[in-house]
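Nothing in this text is a laboratory measurement; each read-out follows from the coordinates by a stated rule. This structure is a prediction, so every number in the text was calculated from the model and none was measured. Cβ sites come from the backbone with ideal geometry, for glycine too, and all protein chains shown count toward neighbours.
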There are 4 protein chains.
Amino acid sequence: MKKLRCGVLAGTGMVGQKYIQLLEDHPYFEVTYVTASERSAGKKYIDAVEGRWHMPTEMPESVKDIVVENMDTLDKVKESCDFVFSALDSGPAKEWEEKYAAAGIPVVSNASAHRHTPDVPMLIPEINADHLDIIALQQKSRGWDKGFIVVKPNCSLQSYMTPLYALHKEFKIKRAIITTMQAVSGAGHPGVASFDIIDNIIPYIGGEEEKSEKEPLKILGKIVDGKFVNDDSIKISAHCNRVGTIDGHMACVSVEFEKNPTKEQILAAWKEFKAVPQELDLPLAPKQPIIYRDEPNRPQTRLDRDADKGMACVVGRLRPCNVFQWRFTALSHNTVRGAAGGGILNAELLYKKGFLTAKLK
Amino acid sequence: MKKLRCGVLAGTGMVGQKYIQLLEDHPYFEVTYVTASERSAGKKYIDAVEGRWHMPTEMPESVKDIVVENMDTLDKVKESCDFVFSALDSGPAKEWEEKYAAAGIPVVSNASAHRHTPDVPMLIPEINADHLDIIALQQKSRGWDKGFIVVKPNCSLQSYMTPLYALHKEFKIKRAIITTMQAVSGAGHPGVASFDIIDNIIPYIGGEEEKSEKEPLKILGKIVDGKFVNDDSIKISAHCNRVGTIDGHMACVSVEFEKNPTKEQILAAWKEFKAVPQELDLPLAPKQPIIYRDEPNRPQTRLDRDADKGMACVVGRLRPCNVFQWRFTALSHNTVRGAAGGGILNAELLYKKGFLTAKLK
Amino acid sequence: MKKLRCGVLAGTGMVGQKYIQLLEDHPYFEVTYVTASERSAGKKYIDAVEGRWHMPTEMPESVKDIVVENMDTLDKVKESCDFVFSALDSGPAKEWEEKYAAAGIPVVSNASAHRHTPDVPMLIPEINADHLDIIALQQKSRGWDKGFIVVKPNCSLQSYMTPLYALHKEFKIKRAIITTMQAVSGAGHPGVASFDIIDNIIPYIGGEEEKSEKEPLKILGKIVDGKFVNDDSIKISAHCNRVGTIDGHMACVSVEFEKNPTKEQILAAWKEFKAVPQELDLPLAPKQPIIYRDEPNRPQTRLDRDADKGMACVVGRLRPCNVFQWRFTALSHNTVRGAAGGGILNAELLYKKGFLTAKLK
Amino acid sequence: MKKLRCGVLAGTGMVGQKYIQLLEDHPYFEVTYVTASERSAGKKYIDAVEGRWHMPTEMPESVKDIVVENMDTLDKVKESCDFVFSALDSGPAKEWEEKYAAAGIPVVSNASAHRHTPDVPMLIPEINADHLDIIALQQKSRGWDKGFIVVKPNCSLQSYMTPLYALHKEFKIKRAIITTMQAVSGAGHPGVASFDIIDNIIPYIGGEEEKSEKEPLKILGKIVDGKFVNDDSIKISAHCNRVGTIDGHMACVSVEFEKNPTKEQILAAWKEFKAVPQELDLPLAPKQPIIYRDEPNRPQTRLDRDADKGMACVVGRLRPCNVFQWRFTALSHNTVRGAAGGGILNAELLYKKGFLTAKLK
């Protein structure tokens, strides 16, 4: 099988590098194109990231010699790529993702720019794979031929969104109060200054609480008249904190249901939860999307973040809440499941569903 | 003025050392007695803690030569001390604190053993100084002459209990969901293994959530027929996490009130809050018990834990809660305000109120 | 091929668990026996380590149901094992390793007890595989039949010993001054208290400097008249520090040679260095035992400790020394290369050389 | 007494803030002037550092309303200041420090720009207070009236330079091999990315080793024909590492003497060491410049960095070196003794010696 050729927009940053790392030897995709800032354009990838390769494994041989381009190279992209991953900052993402899509290049994005654009799906493939139905409408209304935009939600959600959804679809959640403890890699590189986080907690991450509260409503929403309508029946309050861990966002969750489930019902809902990525056996799909650990002191950030290639959500400490009905702790890997890994899973779903195809035969 | 002579039970552990440190040059009290385990008994204090002095300042000269005793030395205690601070573990505390009190020695305790004993007051002097009224009843019903027991609550409460109380007394709190991020010093020494907390979070501290939920009800309660009756009108849910900070417990708090206050009312309630320790100008009382910081990213553990000698509670991020009405972040120093400093403040209050007196004239 | 059956003495501690982890699916060996303290004896392995599994991957299924034994079970060992790995503390190791060997069980040890026993080889297979020649003499002089003892050196040496040896054998090292920065996992679990190492360095590890200075002399020594004679031509001074990293011991090394090599000669000596484990293609042998990194700021603990399964030594910053001739920085994984991985490599070497055989056919 | 009015050049950065903090209520000096980058010019100090105040105590009231200026305000400086502290980066320092001095403003600098300028003294007041003799020559040869430049050395030296000097002057040091473990505050703010230092060591700090090896030679040098001549009799090799501590640079030192002293001689040399700052009883001078700790595991970064207001050097672990003659561990606070505190001590010395005077009477 011939692999699809993909680009990585903003491929030299923290998330971009994680894409490069995770796409090494990927069965469907190969990286053939990388963009970065003006400063890096024209350099080989290995030279552009010199001294700033932050991944725990070596830089893949196959990308070292790729010449990094700046964004304004649509003609080259059309030739070199079947689609692109976007790790752009929100500002440039707004403009460039639309330009790429208009030029016929599907864009699978991490950026927040289009998360609330009414005809752009915000995907967690285990939750709302059916939101892909909007792509046809997106293309039609915008006059785009083969290009389109899909996005993924903020990394802070990933630790609790799938476990909440598995319960919501059976028992309907009314309210949840959530406190997150988020790793420094979530801020990119250089991100958080070491002086600010050693022996410290910062109880604030700009914009993070708003995203954590608003994005779930669209993810759980549905398509009505060609646009997404939020699920406003659920209310979330999120306190977001930065702590001194390298990778892994942890969340403490208290939940109130419409139909109060038993402990056994909750555990069963999590244990039995499978969805489209598992059915399609996508390469990066976790075998079991929600792993419940019985030990009283799990999940722990360092011990559990890498569960099933960093793509599973690990949950523990299910117990009655003294104020709502149930509470638990949940964890996911923020730069894998919450960023590049989640983006690749989106692309794998798109590929299997026929939305991504090779231009070259 | 002649100082009162005090003992420190379990004076070689983390909290015991903090007592020794904070009592250096105290205007009312001087340490004349220290107990520790059998292993240390008979040694000078400096030798008993050799290589295990964990405080940031030097060991006070005045304690170095005190010969450490084991617990079973009531006759000596009666001669040497006007009262004792207890930093005992809960197990021995149950037995020994009663023996000491029965022998005429007032016990000002950090231990959890008697926190829910119906005639023992659990003090936060800014909140329930009037709970001292029970001491007379405690002494009478138990046939104790001069001895008595007062305790302080768990360190996890201190970061949010005073700010909650300042609001509760005006607007009546119905429910609060709280997540704490607690420093390693809270586990004593050796406490948490470094291998377990570097680049990690442990979402569990044995017994801590139960204490955090139950103790406030007694603290806010009142004396009825010679016993404490809890304030059951308030419900608290606490998620307690251990994080890799040295000192300082931080709490994220979401609150629901009976009478929903405005932001201005809350800020005013905190700003204007003063109580008995401030009125009596107790040596360790913070000038302002609740310090509100306007910056969007405060309080921070390392920057704010030492506010006003580590005795103030620092609060920030007051904002509407998406589920309840208001939410905020609060911080206090767990081994100062939450342990030894809190115990000393209790003793200062007792002294000023006439409950502690010198045996020697 | 039938695998050899091995035991792990002290298999529930930090190093014991690392053995269990690394031996999962090992091509030569399978774990069939585990000992631990009295407290654990009689329990299944999974129950004996409940809540104290410190490895980043899940406990192997194959060991979960092994019933943990106490040490005094020589008859069972003889039936169940072809040889044992010893992760015993030095005290019990002295006695038990001899008992096991006398009973016909080869002992591959991590413990320090026999490191300076004159007829026991202290192996780094890349350096002194020929020291195995003493085993026949060890067995003969002690009247042992099939049993014997081999040990590995202290973890603090591993980061610099192989790079030093690669130079010593060509240019003869006279003196080296070394400062190590060692991870907390080197102290086992619970090991270093978190309160002692967060935002701190402890410039002392009991016994570590003496080991770091003395053990290399035996490793580089030779067999004379059936006993090891040290290489006293080399002098090492080691400053050993504990720092707040999870895994990975780093060393800063200044070296004085008899024949001062050029930079190119040093780099070539490292690059071309291969030894017996590479020739025999042992499963855990690193492809390249010494990896030199050109970047000015490498090796770094977190980025480089896992190089080649955690078995390679990563070196960088080769530059002239302002006092001696050359200096460099070196790193190895202390619980893999420096402990369990090193022990397994020793066993692989012994197996290939015919010292370990199956009792059952 | 009227205080001298001082400016702080680059007063909003990490070192600038430390100056502001340490100068609060200083008996000789008061801050009346602050410069910063163009971006901050025209703002009040409190607004210019909004959200970036990194000190553990509150911003002094007296500086909050000072309007921050850009560098190009020599006329204002002449009116507002009797002298300035410079925390400028090396680039601008080169130019501006000379301009200020030429304009009649004494410059007490932290910057490296003029450390090797032949007529500029590089002061550690305990070591080379007599180097101030060059100021008259500096002024004469350059045609400066009241202005002059004095500098302090790099922070990495401070932990070991005074202990080495105390021995050098009695026993003459020939060679020293030193490894430092340096705190993140040494890199300023934002400085080291948290992603780069959590669970990690970076064995490289650009330019630091060169400074550590070269600056001591001038500090120990003497004035010959109006210029400094280095003491080339001593050779230092420095390995500089960045570790994840907040404040405090630690050094492991191995030393070779011309006259090998006994342990008692070394300890006496350190204990009895006093110098000009102690004789003049300068406000920030440590009572005892070199504090030796007997415990086997001291100095420790967090426990000892604040010794005597962060101005003392704490030494421990004196023991024979297996390669040279003696070795020890030394620690100092890098942003206090090693930066702002050291600069202020220089100014205190200059003041007492009559080099700084009030323009206003």
Entries of B:LYS214/B:LYS274; C:LYS174/D:LYS172; D:LYS172/D:LYS218; D:LYS146/D:LYS353; D:LYS174/D:LYS214 with Cα pairs more than 19 Å apart: B:LYS214/B:LYS274; C:LYS174/D:LYS172
J(HN,Hα) series, the range C:68-74, from Karplus relation 6.51 cos²θ - 1.76 cosθ + 1.60, nearest Hz, glycine and proline x: 6, 10, 8, 5, 7, 9, 4
Cα long-axis angle, helix C:341-352 against chain C (0 to 90 degrees, to the nearest 10): 70 degrees
Spin-label model distance (nm) - C:ASP145 vs D:ALA103, 7 Å beyond Cα toward Cβ: 9.4 nm
Helix-only [θ]222 nm of the protein assembly as shown, DSSP H runs n ≥ 4, -39500 (n - 2.57) each, per residue, nearest 500: -8000 deg cm²/dmol
Karplus-derived 3J(HN,Hα), 6.51/-1.76/1.60, for each residue of the range B:250-266, Hz, glycine and proline x: 10, 9, 9, 10, 10, 10, 10, 9, 6, 10, 5, x, 7, 4, 5, 5, 5
Label 7 Å beyond Cα on the Cβ vector: C:VAL67 copy-to-copy distances, nm: 5.4, 7.1, 8.7
Amide H within-cut-off set for D:LYS44, under 5 Å, with H built and near neighbours excluded: D:VAL68
Label spacing, shortest first and in nm, from C:GLU50 to its equivalents in the remaining copies (7 angstrom along Cα→Cβ): 4.0, 5.7, 5.7
Summed side-chain charge close to B:PHE355 - residues other than B:PHE355 whose Cβ falls under 12 Å, Lys, Arg +1, Asp, Glu -1: 0
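Contour minus end-to-end for D:ASP47 and D:VAL224, with contour as 0.36 nm per residue of separation and end-to-end as the Cα-Cα distance? Walk me through the numbers on the way to the answer.
Details: separation 177, 0.36 × 177 = 63.72 nm, distance 4.82 nm.
Answer, rounded to one decimal: 58.9 nm.
For the range B:157-333, what does the alpha-carbon gyration tensor say about shape, rounded, prolate or oblate, given a ≥ b ≥ c as the root eigenvalues, a/c under 1.5 as rounded, and a/b over b/c as prolate?
Rounded.
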On Cα atoms only, tilt of B:158-171 relative to the major axis of chain B in degrees: 50 degrees
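Please sort by residue number the GluC sites (Glu not before Pro) in the range D:251-346 whose DSSP state is loop and whose Cβ has at most 15 other Cβ atoms within 10 Å.
The qualifying sites are D:GLU258, D:GLU272.
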Label point 7 Å beyond Cα along the C-beta direction, distances from D:LYS353 to other copies (nm, shortest first): 6.0, 6.6, 7.7
Förster-model FRET efficiency, 51 Å R0, C:LYS174 and B:LYS359, C-beta, rounded to 0.05: 0.10
For the range A:224-237, Karplus couplings with θ = phi - 60° (6.51, -1.76, 1.60), whole Hz, Gly/Pro x: 10, 6, x, 9, 7, 10, 5, 8, 8, 6, 10, 10, 10, 10
Sequence-separation-based contact order of chain B, relative, with Cα cut under 8 Å and 6+ spacing, percent: 17 percent
Förster-model FRET efficiency, 35 Å R0, C:ASP281 and A:GLU24, C-beta, rounded to 0.05: 0.90
Nonlocal amide H pairs with B:LEU356, under 5 Å, H built at 1.01 Å: B:TYR351
Long-range HN-HN contacts of B:ARG175 with modeled amide H, under 5 Å: B:LYS235, B:GLU256
DSSP bridge pairs, the range C:41-196: antiparallel proportion in percent, nearest 5: 10 percent
Where only C-alpha atoms are counted, convex hull volume of the protein assembly as shown per residue in Å³: 200 Å³
Antiparallel DSSP beta bridges within the range B:157-333, as percent of all bridges there, nearest 5: 65 percent
Closest approach to the axis - chain C beta-carbon, rotation onto B, Å: C:SER194, 2
Two-site label geometry, C:GLU210 and D:ASN260: point separation in nm, points 7 Å out along Cα→Cβ: 2.1 nm
Between 0 and 90°, nearest 10: helix C:90-102 axis offset from chain C longest Cα axis: 60 degrees
